[in-house]
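Trainee: The structure that follows is given in the form of structure tokens.
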Amino acid sequence: MPDPALDDPPAHRADLPFVLGGCVRGRPQPRSILSVGIVLAVIALPLRGLFLATGSSMEEGFMLAFPQRVLAGDVPNVDFLHLYGPFSLHVLAGWYWVFGDTLESQRVFGLLQHLGIIFALFALARAWGRRTAVVSAVTVTLLVLTPIGLSALAWEGAVALGLW
């Protein structure tokens, strides 16, 4: 059954959110800014501790050492065993080539992956309203950011790309 709101001419769809077929507005509404601000505040709360804390030594070690080997010309699963899918190390190797191969650089990359997941779910849940979008984003922040830390794992980037 077609949705009558979507059958209206574009001028009548101005009140619909973008995710429901509405127009992208030039200026965000104050409530939208507040919604994103709440999510960013929840993300910012544990960041200092996550950057300073000891992460998973095995995962963070792999995500530091293996891209360095790729940059040196080694081939994953030929010169060393890598249990994740193809191309995951190459993206991180490119990041290290630009920003350096430090633990901080790796954690910033991991944070960007987390932000991709969090705000993708925010955008998907926005169809049910700002409150639902904020609750969804805060929930996924607690589920993804705090237990995993800021390790740049391959599956996190894949989930973020898949959601967008």
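Trainee: Could you please report the charge total around LEU71, scoring K, R as +1 and D, E as -1 over all other residues with beta-carbon less than 13 angstrom from its beta-carbon?
Mentor: Numbers: positive: ARG69; negative: ASP74, ASP79, ASP101.
Overall, the nearby charge balance is -2.
Trainee: If you don't mind, another one. Computed FRET efficiency, Cβ-Cβ of LEU40 and ARG131, R0 25 Å: what is it to the nearest 0.05?
Mentor: Values: r = 16 Å, r/R0 = 0.66.
Taking R0 as 25 Å, the efficiency between LEU40 and ARG131 is 0.95.
Trainee: Starting from the 7 Å offset along Cα-to-Cβ, what nm value, one decimal, do you get for the label separation of ARG27 and ALA72?
Mentor: 5.6 nm
Trainee: Which value, in debye to the nearest 20, gives the size of the charge dipole of segment 28-163 about its Cα centre, when Lys and Arg are +1 and Asp and Glu are -1 at the Cβ? Walk me through the numbers before you get to the answer.
Mentor: Details: 7 positive and 7 negative charges, 164 e Å.
The calculation lands at about 780 debye.
Trainee: Calculate the spin-label point distance for LEU103 paired with HIS90, positioning each point 7 Å from the Cα along the beta-carbon direction, and give it in nanometres.
Mentor: 3.0 nm
Trainee: So, one more: Which one, TRP95, PRO147, GLN106, is farthest towards the positive end of the dipole of segment 28-163 when Lys and Arg carry +1 and Asp and Glu -1 on their Cβ?
Mentor: Result: PRO147.
Trainee: Along the charge dipole of segment 28-163, which of PHE51, PHE66, PRO28 sits closest to the positive end, that is, farthest toward it, with unit charges on the beta carbon of Lys, Arg, Asp and Glu (+1, +1, -1, -1)?
Mentor: Most positive-ward Cα: PRO28.
Every read-out reported here was derived from the displayed coordinates using simple, explicitly stated rules and does not represent laboratory data. Please read all numbers here as calculations on a predicted model, not as lab measurements. All Cβ positions, glycine included, derive from the backbone under ideal geometry; neighbour counts span all protein chains shown.
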